[in-house]
Every structure is written in C-alpha cells, then in structure tokens.
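The values are calculated or read from the model by the stated rules, or taken from the named source; none is laboratory data. Note that the coordinates shown come from a computational prediction; the quantities given were computed from them, not determined experimentally. With ideal geometry, Cβ positions are generated from the backbone for all residues, glycine too; neighbour counts draw on all protein chains shown. Heavy atoms of the whole protein, side chains included, go into the accessibility calculation; ligands, DNA and RNA do not. Shrake-Rupley method; radii C 1.70, N 1.55, O 1.52, S 1.80 Å.
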Amino acid sequence: MNFDFEKIEKKWQNNWEKKKIFEVKEDSKKKKFYSLEMYPYPSGSGLHIGHAFNYVLGDIMARFKIMNGFNVLHPMGFDSFGLPAENAAIKAKSHPKIFTEEAIASFVKQQKALGLTYDWSRMVETHKPDYYKWDQWIFLKMFEKKLAFKKESAVNWCPKCKTVLANEQVHNGKCWRHEDTCVEIKHLEQWFLKITDYADELYEDINTLVNWPERIKIMQRNWIGKSEGTEIDFEINNKKWKIFTTRPDTIFGVTFMVISAQHPKLMEIVTSEQKKEVEKFLKKLTSTSEKDLADLEKEGVFTGSYAVNPITKEKVPVYAGNFVVADYGSGMIMAVPAHDDRDFAFAKKYGIKMKKVIIKENELIDSVSDKVEKPFPYSGKLVNSGEFTGLFSDEAKEHITKFLESKNLGKKVVNFKLRDWLVSRQRFWGTPIPIIYCDKCGIVPVPEKDLPVKLPENIKFTSERNPLIDNKGFTDVKCPKCGGKGKRETDTMDTFVNSSWYFFRYCDNKNKKEIFDKKKAKYWMPIDLYIGGAEHACMHLIYFRFYTKFLRDLGLTDLNEPAYDLFNQGMVHGEDGTVMSKSKGNVVDPLEIIKKYSADTLRIFLVSVASPDKDFSWSNTGIESMHKFVNKFINFAINIKKGNSSEKTESKLNRLIKEITEDLGEMRYNLAIIKLRQFIDFASEEKEISKKDLDKIIKLISVFCPYTAEELWSRIGNKEFISLEKWPEYDEKKINSKLEEQEKLIGSLILDVNNIIKIVGDKKKLFVYAIPNEKEVYKEAINQINKKTNLDVSVYSVSDKDKYDPENKSKKAKPQKPAVYLE
RNA sequence: GCGGGAUUGCCAGAGCGGUCAAAUGGGACAGACUCAAAAUCUGUUGGCUCAGUGCCUACAAAGGUUCGAAUCCUUUAUCCCGCACCA
C-alpha cells in the first residue's frame, strides 16, 4: 500500500493553507460556533502531549461543527509575555522577544502538524504592541472608572520570581511557579484592579453557567466566598470601630476583641504603656512569616485599649492577633470564645474569661452550667442574652441586627473573600502600565493617543532588577498634563491581564482603531466551547469573567459571561500512570509520535482511551494498536470493491451514523471510535460497498483522522476537501431491526456451538434444528456460521421429516434457541 | 478541618435501576495462515456443572430502598483534587 503519512500530511497541510479553507468571516446567514482552546504560554520546551490532547479535543468538535454547516471560529494565539522567556534572556544576555518568537514559531509548526483547523490569520500574540496596546487601553478605562488604583498593602512577594504575586497565584503559602518557595509578605505600593466591585455579580452569575463543570463552579464560589452577616460598631477610646460577624446572635458572649496585626490603623489603638509589647510582637511576626503558615499558633498581645459592647455596654480588652486577616471584613473581630474554635484557643492561651450564650435547642436553660469545656460553634438557643434569651439563633440574628440598625450601631452586610487583583509586577517582560508620575500632578494616565507604551528593544539585564528602571529612554518623559518632568511607571502587568480578553481580540485581531469591532464580537461571542485544564479555576477563569463584565459595562458587548460552556480535559499521564516528568523519564513527545506513526494515529489515539474529561495513561501498545486500525481503515477504503452495499451494510452504516453523530455532539469521542472500529471490522468482510456509502464512512473518520480522510477522499475520486463536506445524514428507515435481530440469533447460536465444542472436543459437522418459522433465518446464515465455526453446516426445521438427527436433539429446540447436534 | 470527585474483571476503561458475568482496547493463552516468524484472522480469558438457554460468587466494605442494584440512599475504608485561621 502506497501511503506515506509524512508526505500526505505535508500535502494536505499545504492544500488547506493555500486555499485558506479554515479562514472565516462573519456571515449573518450562517450559524456560528466559537470553538476555543486555552492559548498556551510558548515555552521553550515546546508543545507537550497535554497541549496536543487539548487541541485535538477542540479540533474534533470544530471539524464536526464545520461539517454540520456552522461558521466555525477556531483560532489560536500565544500568551507570550512571562517570566521564563525573561529568565532565559537574562541567562543568555539576550532579549526575551527573541526567545519568545522562536518558541512561537516552533509551537505553530507543531500545531500545524497536528492537523488543526485553526484560522491562522487571526493569531494573537500578547507580546506584540498591537495587542498589548489594548491591555493598556483597558487599564486606562479602569483607571478612569477608579477600578485601577494604587495602594499600599501587605503583598505576596516571591523571592525567586522577584516580583509580587496576586492572591490567586499563591498556593499554600508558596508561589504558583515555585512549589518550593514560600512567598514573603512585603508592604509595598502597588497597582490593583478592583475586581471586588464585581464580586457579587461574579458570584451570582455562576448560577447561569449551567454547562460548566460543577467542581469549577464550587471552587469559584469558595474562592469568591460570599457570606452574609452583620457589621457592628464597637467603641474604642470614644471612636467607633467596625467589625464583621456572621454570628450576631452571640454578641452577649463577646469577652474580647482582636485586631489584625497587619491592620493599618493598629497603632491608633495601642496605648503608650503597651507600645513596646506590641512592637515586640510585630517583630516576632515578620520573623515567623517564612515558617509554614498553616501551622502558626494563634498568638496575640494586649493593646491596652478596651472596647465597649454596643448592646451590653460591657468593656472588653482589645488584642492584636496574628490570626485575623487584615483585609477581610474590617480587619477586626469580636471574639466569642465559648462559640468559636479559634477564639476559644486564644482565650485559653491568654486566660481570658468565656461566656456561654448558646445552648443546644433541646437543652433546658436552667440545667446548663456556665463552664465552657469546649466551644459550641453551632446554631442553638440563646441564654444569658438579656431580652434575646430563649430565641433560636436564626431569629436572634435577625432581631439583634434590627436592634443595632435601629440604634445606628450596625447593619446587615455581605462580605467576600475575594480580594482586589494585584496586577503590578516588578519585571520587564510584560505589558507596561500606562502611567506617568509627575511631581506636580501626581499619578497621570498616559493619554490614549500615546498608546501603546512600548517596551524598549534596547535593554540591558545588568542587575537583578527590572531593566526598565535603568532605561532612561523609557522612564524619562514629560508629564502629559503639565509638560514638566515625569517618570514612567516601570512595573508591568500580570500576564493574566493579557489572557483576560484575548478571546475578544480573535474576533477582530487586526483592528488598529478599536480594541475590536463591536459587531464582529457580537457575531462570534460568546465562546461556544472553551476547553482547557482545571488548574485555572480560580485564576484565568475568574479574571476572564471579570473582564467580560467590565467590557460589557463599557458598552462593548452585551454578554454577561464569556463562555457558557466550559470543558476541562483530563491529564495525560505517563505509561507508568504517574504525571509525566523529565526526571521520571516517562515523557511522551507528540512530535516523535507523529514521526513514528502519524498525526492521525496520535489524534485518534488520544481520544480513544477514555472519556475526555478523565485522566488517562499513555500506552505504547495502545497507540500501536490504534495505528493498526488506521492502516486497516486505509486498506479497507482502498481495497474494497466499489459496487453495491448489502442491506446489512446499509443498516449498520445508518445506525453507525446516527450513534456517532450523537456521541460527537456530547464529546463521547471514545465511544464513537469503538463503534467506528466495530463497523470497520464488519465492513472489511463485505464483498463490496457503494461509493456513496464509502464516502460517508470516510467522512465519519475525517474528524479524527483528517489527513488520512482527505487523502482517501481524493483517491476515490472526490474533488473537494472532505474537511468542508457535509456531515452524513442517516436514514432511520434503512436501519433494519429485523436484520439486527437475526444477527443476534446467529451470534448466540455460534456461542452455543463453541461452548459445546469446548466440552466435547473437535467436531466436523453441525446440524441445526430450528422451529419452523425460524428455519430460514439460519438457512440464510449457513455461510456465515460456517465461516465462524469451520463446521459443515446443515439446517433443518424440527418438523422436517427427512432431517438427520441420530440423538433426537431436535426436540430441545425453542424459539430463538434452536437445538443443535454436532458430530 | 472544610468542600468536591473517584473506587468496575490481569491492566486500561464503558456502563449509571431490569436486556450485566458487565461494551471496547491492551495483555495472556489457544487455533488458522506460514518452512518459520511478523502481519492478519478466529476463539478463550470469575468458579462450578454440563452437548448448550443452569447454579454460585462478583463491580472497594457493610447495611438499606426496591419485585429487581455495578447503577439509588446511609455509614466505613482507601485514593485524588481544591480551599485552608475569611470571624
């Protein structure tokens, strides 16, 4: 067989490219489908098998949709700003752009090899000024609306990345890029995006994402962390201080207060007598900050001040504590040691008194002792709570809050765990923040007409710090307001900014006048199917929702959400079942696989092992066998005689089309492939098949194996690209259930015969005794039975007088179960 | 600690109330072809019984719901993944 995969792949790649068949335009007459895989960071080590899996999943859907008449937008781009390229450049004393563009070229080459239906004319590269210009533009819009702002706060600093990180980029106290590196807490002035303004909407709209995986939604809900409670004013030194609590029903149990050690106004509370103690404590904190945060014991120190409980008017001591989060709520809490585990631990340690105010609902008030042996942090019935005694927690929460509201001492509020997004990075290879500092005018945004603020080409990585700082050509500018001396901001933006809206730019990537054309975006958006890994649940997948909502508020889109359908693919593990890693030596390189087998073999194998949302392990024998199947398919298509299809073939083919069409729509690629294989096993045994049916069969495989399909398609005499052909339709009427029924009967007969042979040993002749009306079924199948059993077959009806039946087996015959005799 | 998800035959992986001793692939074994091998094809692959439609034990473990459970519920165990002092 003359089928050189390498040549064929090149040939069709070229043909597709020359004819630009995957380039698309808006067409209001056609239904659109936006199929998107998360764009990669173009790392120097190239495309790995996980990328390949990701892209193939999306590509199969894209191809399926194209063939079903959709106008399919299937673009690809690169998240090409970022640290690895910068670090490589520092090492080689070069420019990150060089590394980045080399890496992109190699990515593109590999992606093209995979036979993907990308519209390359829409490629987006975030490190190019014509892209990041619009990052800056959005930043200015946010600045205008006070959503981009600068503030000093305690921030996460990764000593390895030498930059600050967003909350989302800190996992277990470590940097997301450096599992072995604890982040440090630094107090710095940094740029933030006010994502918290959208917290409630981001939280509530999760409910509209019906086609997102449940676990991603749960993760986002946890991350945004909406909780409803009460804000209460406590008086400290004649000033009101707010606290947030979800348990206002325990307010009679407050025996102390704790203010966060990081609270910016901590010192206002600290009395002069306690100042030394507090400062000692704070020092100790910074030295422990590098320890594993999770194991920190609850510690604190008395501030010297007392707070007045707004309801009981009791005076309770105020502590500074290490376990109170500074920027959640108001950074201060009311402590109820009898009903909270943490408060209990703290009170025990410092010998603070406790007061029981909640008991179990079924306990009697009088029978309860005042001693607190362990905290009871649940809802219950109030005791020792003045006029509220006897109420259940839920009603008490309401009544107490109303009471406070009536006295103007508190109110119902909603709080979120979500923090503002820290976007400043002290690194070179990112989007410059378009801000100029002027001694006279302060913070001045770069005027829109001056965008983009370009990264200089001519830079030197001399010291450890961001080379922008020492680049006078970059930093020294005139103030756009007063014309005086100004200095540019040298921090760049988090790369997650770039990826927060790239999917909009695909809709109109060459637009020089606007971020994108509203009409074009309206046509293509939202993303119909977004495929990527689950690791972005609380980073990219929150940010891109935030940006979409912001763009909507700018009037650039009507959408509340960028993607209503999200799919998380599983991980591809090494053959040993563990995560692929160089050190384990179990890495599979897609390029090598393509070379050894073919891109089609790789594609179809990747989606054949398991359901695409599940992790699966690479298998060398598995890909081997898939390659055999691809070859078998080719042999079948080339060698089968083109004539007429049997009724059985037609029946099976129509059922196959029906089922595969359903499976593909639901992304059950693995099941579709099984059915396709079974069909080919069957069809290979057929004498001939009609050209029309063969066409359909090749179309079915084309979504998995596009190169092979194109080649076969043209070899059997078709002119157009199969990639653009119409998906086959099935004819329900051709599905012959009678034939299917008969096949089942023959199958079970053969099973029985084999079973008997297993027991009694080899035989030569088979006599079948069917009940009269089934005789014909078996008669028609004589050849088939013979082929499968290698026996000389005779078929009788039980009522046949002249039948050969020496042991009188025929009397055992039943409907659907003929009697048999072997000799 | 909290919250998700998983647990199927030698392995991988379908199945998600009856048609299930459980698709499909890999592996293993046997057979056909061949001088032989590779490729290809066929069969077997829980146990017992047996010239077949039978019985038993089975889908992590134990209970439960049901006429009926791999499939639903409860508890337990193991594994994976997220969040971890958010008041």
Checked against (1) of a type in the set (D, E, K, R); (2) in contact (Cβ under 8 Å) with a residue 60 or more places away in the chain; (3) open to solvent by 60 Å² or more (accessible area, probe 1.4 Å), A:Asp249 satisfies every condition except (3)
Where the second residue is part of a loop (DSSP other than H, G, I, E, B) and of a type in the set (Val, Ile, Thr) and the first is closer than 26 Å to A:Leu193 by Cα and lies in region A:515-540, which pairs have Cβ atoms under 8 Å and are six or more apart or on separate chains?
A:Lys518/A:Thr557; A:Ala521/A:Thr557; A:Lys522/A:Thr557; A:Met525/A:Thr557
Is there a residue in region A:418-434 that is farther than 28 Å from A:Gly225 by Cβ, in a helix (DSSP H, G or I) and among the small types (Gly, Ala, Ser)?
no
Enumeration of residues in region A:68-106 that are surrounded by fewer than 21 Cβ atoms within 10 Å (Cβ to Cβ) and under 30 Å from A:Glu710 (Cα atoms)
A:Asn68, A:Gly69, A:Phe70, A:Asn71, A:Ile104, A:Ala105, A:Ser106
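I'd like to check which helices (runs of 4 or more DSSP H) are fully inside region A:701-819 and have at least 2 residues that are away from RNA strand B (no atom under 16 Å from the Cβ). Give the derivation first.
Numbers: elements: A:706-715, A:737-760, A:775-780, A:782-789.
Filter on region A:701-819 gives A:706-715, A:737-760, A:775-780.
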Restricting attention to region A:620-630, and to residues there that are touching a residue at least 40 places away in the same chain (Cβ under 8 Å) and buried (at least 17 other Cβ atoms within 10 Å of the Cβ), which single residue is nearest to RNA strand B (Cβ to nearest atom)?
A:Phe629
Name the residue, out of A:Glu659, A:Glu647, that is more than 15 Å from RNA strand B (Cβ to nearest atom) and open to solvent by 20 Å² or more (accessible area, probe 1.4 Å).
A:Glu647
Right, A:Lys719: open to solvent by 60 Å² or more (accessible area, probe 1.4 Å), of a type in the set (Lys, Arg) and touching a strand residue (DSSP E or B) at 6+ places or on another chain (Cβ under 6 Å) or not?
no
Would you point out the residue of region A:371-418, among those that are more than 16 Å from RNA strand B (Cβ to nearest atom) and β-branched (Val, Ile, Thr), that is least open to solvent (accessible area, probe 1.4 Å)?
A:Val383
Residue hits (region A:662-700; within 14 Å of RNA strand B (Cβ to nearest atom), farther than 17 Å from A:Asn68 by Cβ and part of a loop (DSSP other than H, G, I, E, B)) are A:Ser684, A:Glu685, A:Glu686
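Taking the condition outside any loop (DSSP other than H, G, I, E, B) and open to solvent by 20 Å² or more (accessible area, probe 1.4 Å), does A:Lys454 pass?
Details: outside any loop (DSSP other than H, G, I, E, B): no; open to solvent by 20 Å² or more (accessible area, probe 1.4 Å): yes.
It is false that A:Lys454 is outside any loop (DSSP other than H, G, I, E, B) and open to solvent by 20 Å² or more (accessible area, probe 1.4 Å).
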With (1) closer than 21 Å to A:Tyr350 by Cα; (2) in a strand (DSSP E or B) as the list, and A:Val278 as the residue in question, which single condition is left unmet?
(2)
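When the residues of region A:340-370 are narrowed to those that are outside any loop (DSSP other than H, G, I, E, B) and open to solvent by less than 20 Å² (accessible area, probe 1.4 Å), which ends up farthest from A:Asn309 (Cα to Cα)?
Of all residues in region A:340-370, those outside any loop (DSSP other than H, G, I, E, B) come to A:341-350, A:358-359, A:365-367.
Next cut, open to solvent by less than 20 Å² (accessible area, probe 1.4 Å) only: A:343, A:346-347, A:358-359.
Details: A:Asp343: 17, A:Phe346: 19, A:Ala347: 18, A:Ile358: 18, A:Ile359: 21 Å.
Residue satisfying both the conditions and the ranking: A:Ile359.
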Just one listed residue, out of A:Lys7, A:Lys11, is farther than 26 Å from A:Asp130 by Cα, open to solvent by 10 Å² or more (accessible area, probe 1.4 Å) and without any contact (Cβ under 8 Å) to a residue 24 or more places away in the chain, and it is A:Lys7
Extreme residue, farthest from A:Leu36 (Cα to Cα), among residues of region A:102-130 that are under 26 Å from the mean Cα position of the chain (by Cα) and charged (D, E, K, R):
A:Lys128
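Can you list the helices (runs of 4 or more DSSP H) lying wholly within region A:155-272 that have 2 or more residues being modelled with pLDDT of 90 or more and within 15 Å of RNA strand B (Cβ to nearest atom)? Quick ask: steps written out before the conclusion?
Numbers: elements: A:199-204, A:214-224, A:266-269.
The helices (runs of 4 or more DSSP H) meeting that bar are A:199-204, A:214-224.
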